[in-house]
Amino acid sequence: MNTTWGKFYGVGVGPGDPQLLTLQAVNVLQSVDLVAIPKSKLDRESVAWDIAKTHCPANVRLVELEMPMTSDQQVLAKAWLDGAQTILAELKQGRSVAFITLGDPSLYSTYSYLLNNLQDELPQECIVTVPGITAMAAAAARINLPLATGDEPLLVLPSTEDVGEYLDFPNLVLMKVSRRLPAMLTLLEERDRKAVLLTRLGQSEEKIRWEPNPKDFQSEKIDYLSLLLVKKDLLGRGNSEPEKN
């Protein structure tokens with residue numbers, strides 16, 4: 001018997017402000033049968049859902065998928081497979097599913113791993129990836145500073161990489177900085193590179209810190225939703241901060 005598959009959407013909900021969803025993302029969220037919400041732990045709140053729920057019907061069905069924050073590849077592989085099987089069960093019934101993810105689904109997103117499992121069974125025409133505004137794009141806009149201009153290169157790195165050899169790039173975006181922030185700031189200070197730390201963009205807890213001092217973060221817990229913009233032309237901008245709308 002042929003299966004009439006539902007459609008699977010990977011929806012980027014942007015960095016934090018519900019107004020930064022694309023029209024396509026809003027249209028999908030308003031039309032699907034089910035919204036799948038990834039959570040690091042099931043008893044925790046979901047930032048992605050806090051952003052998306054403004055645009056969803058009040059009666060939309062929800063399913064929570066546990067996607068733990070761990071480096072254990074076996075644990076991760078099982079979580080991705082279990083999540084894919086939960087979604088496939090809905091799609092096989094002809095239901096449409098939107099898997100929501102912060103930022104853009106194609107950049108450091110759990111969606112990519114989930115999709116790898118789904119593609120083994122799900123017809124390609126049933127998969128739609130809806131791009132979202134990235135945190136780095138929102139960060140640059142928030143402080144009225146271009147990510148790159150002219151022929152300048154732009155390099156995006158996770159903090160798990162050894163960034164030292166890349167610090168001569170005129171424009172750097174350092175993501176996932178929460179675990180190694182003091183060490184990274186010390187390295188930037190030693191190389192006389194200026195940076196802006198942006199946390200929880202578009203949310204009530206938003207913080208923008210110009211030229212952050214590594215000593216300030218020896219005991220402070222750094223929010224996971226933080227990134228550093230490192231640019232050659234930050235010198236002289238001081239601690240001025242654009243007003244919030």
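What shape does region 136-231 take by its C-alpha gyration tensor, where a ≥ b ≥ c are the square roots of the eigenvalues and a/c under 1.5 counts as rounded, a/b above b/c as prolate, and the rest as oblate? Because a/c hits 1.5 or more and a/b fails to exceed b/c, region 136-231 counts as oblate. Just in region 41-131: which GluC sites (Glu not before Pro) are loop by DSSP and have at most 11 other Cβ atoms within 10 Å? Listed in order of number, the matching sites are Glu45.
Considering only DSSP beta bridges with both partners in the chain, what is the antiparallel share in %, to the nearest 5? DSSP beta bridges in the chain are roughly 40 percent antiparallel. Over 18 Å between Cα atoms: which of Lys194/Lys232; Lys194/Lys231; Lys7/Lys92; Lys7/Lys39; Lys78/Lys176 fall into that group? Listed pairs above 18 Å: Lys7/Lys39; Lys78/Lys176. Result for the chain in a Gaussian network model with C-alpha springs under 10 Å: among Gln74, Gln203, Gln30, the largest mean-square fluctuation is at Gln74. Full extension of the chain segment joining Ala183 with Lys215 gains 10.5 nm, where the gain is 0.36 nm per residue of separation less the Cα-Cα distance. Proximity of backbone amide H atoms, modeled 1.01 Å from N, is registered between Leu21 and no other residue at under 5 Å, excluding neighbours fewer than 5 places apart on the same chain. Using a simple spin-label model with pseudo-atoms 7 Å out from Cα toward Cβ, Asp151 and Tyr224 lie 4.2 nm apart. Near Leu65, the amide H atoms lying under 5 Å from its own belong to Ile37, Lys39; only residues 5 or more places off or on other chains count, and H is placed 1.01 Å from N. With θ taken as phi - 60° and the Karplus curve 6.51 cos²θ - 1.76 cosθ + 1.60 applied, the whole-hertz 3J(HN,Hα) list for region 109-120 is 10, 4, 3, 4, 6, 4, 4, 4, 6, 5, 5, 5 Hz, x standing for glycine and proline.
Taking the convex hull of the alpha carbon positions in the chain and averaging its projected area over all directions gives 15.2 nm². Scalar couplings 3J(HN,Hα) for region 162-168, obtained by applying the Karplus form with A = 6.51, B = -1.76, C = 1.60 to θ = phi - 60°, are 6, 7, x, 6, 9, 6, 7 Hz; x denotes Gly and Pro. One decimal place: the segment Leu23-Asp72 gains 14.0 nm when fully extended, by the rule 0.36 nm per residue minus the C-alpha distance. With contacts taken as Cα pairs under 8 Å at a separation of at least 6 residues, the chain carries a relative contact order of 21 percent.
List the residues of region 115-138 whose backbone N lies under 19 Å from a point placed 7 Å from the Cα of Lys92 along the Cα-to-Cβ direction. The answer is 115-127. So what's the angle, to the nearest 10 degrees on a 0 to 90 scale, between helix 181-190 and the longest Cα principal axis of the chain? Here the helix axis deviates by roughly 40 degrees. Close amide-amide hydrogen proximity is noted between Phe99 and Tyr9, Gly10, Val11, Ala36, each under 5 Å apart and 5 or more residues distant or on a separate chain (H modeled in the peptide plane; Pro and chain starts excluded).
Computed from the coordinates by the stated procedures, all read-outs in this text should not be read as laboratory data. Since this is a predicted model, take the numbers as computed values, not measurements. Methodologically, a virtual Cβ is constructed for each residue, glycine included, from the backbone with ideal geometry; neighbour enumeration extends over all protein chains shown.
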